[in-house]
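Notes follow once the structure below has been shown.
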Amino acid sequence: TYPWYASIAPVSWMIANHVKDGKKHLNFSQWTVYDKEERIHNLREIKEVLEKAEMPPSSYLLLHSEAKLSGPQRQMIIQWADSLSTQIQMSLN
């Protein structure tokens, strides 16, 4: 869901570029297309950016403070990524 200002240029261009760039890194709509190694790589990336507190980006949080993740929320997602990564690795063997 996009905010009302997402349809006004130049903000709309900036948002479109952010979304396009984000999808280059990880697109959950394409998750089933990724092979198992790509899935494991993406899960490791999720864990890394959360551990470094790089997501959500600070520029996003300026307008969306409600998107800030608490420590427990961050840990829950990290644990999920670890668990899913382990499951995928086990299926490779």
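When the solvent-accessible area of the chain is split by element, carbon and sulfur atoms take up 59 percent of it, the probe being 1.4 Å.
Evaluated with a Cβ-only charge set (Lys, Arg +1; Asp, Glu -1), the chain carries a dipole of roughly 120 debye about its Cα centre, given to the nearest 20. Across the chain, the mean sequence separation of Cα contacts (distance under 8 Å, 6 or more residues apart), normalised by length, yields a relative contact order of 31 percent. Listed by chain and number, the lysines whose alpha-carbon sits under 27 Å from that of LYS36, ignoring those within fewer than 8 places in the same chain, are LYS20, LYS23, LYS24, LYS47, LYS52. With a simple spin-label model that places each label point 7 Å from the Cα along the Cα-to-Cβ direction, the separation between SER7 and ASP35 comes to 4.3 nm. Given (i) -0.50; (ii) -0.56; (iii) -0.72 as candidate values of log10 I(q)/I(0) by the Debye sum over Cα atoms at q = 0.15 Å⁻¹, which corresponds to the one derived from the coordinates? Only one option fits the structure, namely (iii).
The values are calculated or read from the model by the stated rules, or taken from the named source; none is laboratory data. Small disclaimer: the values here were computed from a predicted structure and weren't measured. Glycine also receives a Cβ, built like all others from the backbone with ideal geometry; neighbour counts cover every protein chain displayed. Note: accessible area is taken over every heavy atom of the protein model, side chains too, but ligands, DNA and RNA are not part of it. Shrake-Rupley method; radii C 1.70, N 1.55, O 1.52, S 1.80 Å.
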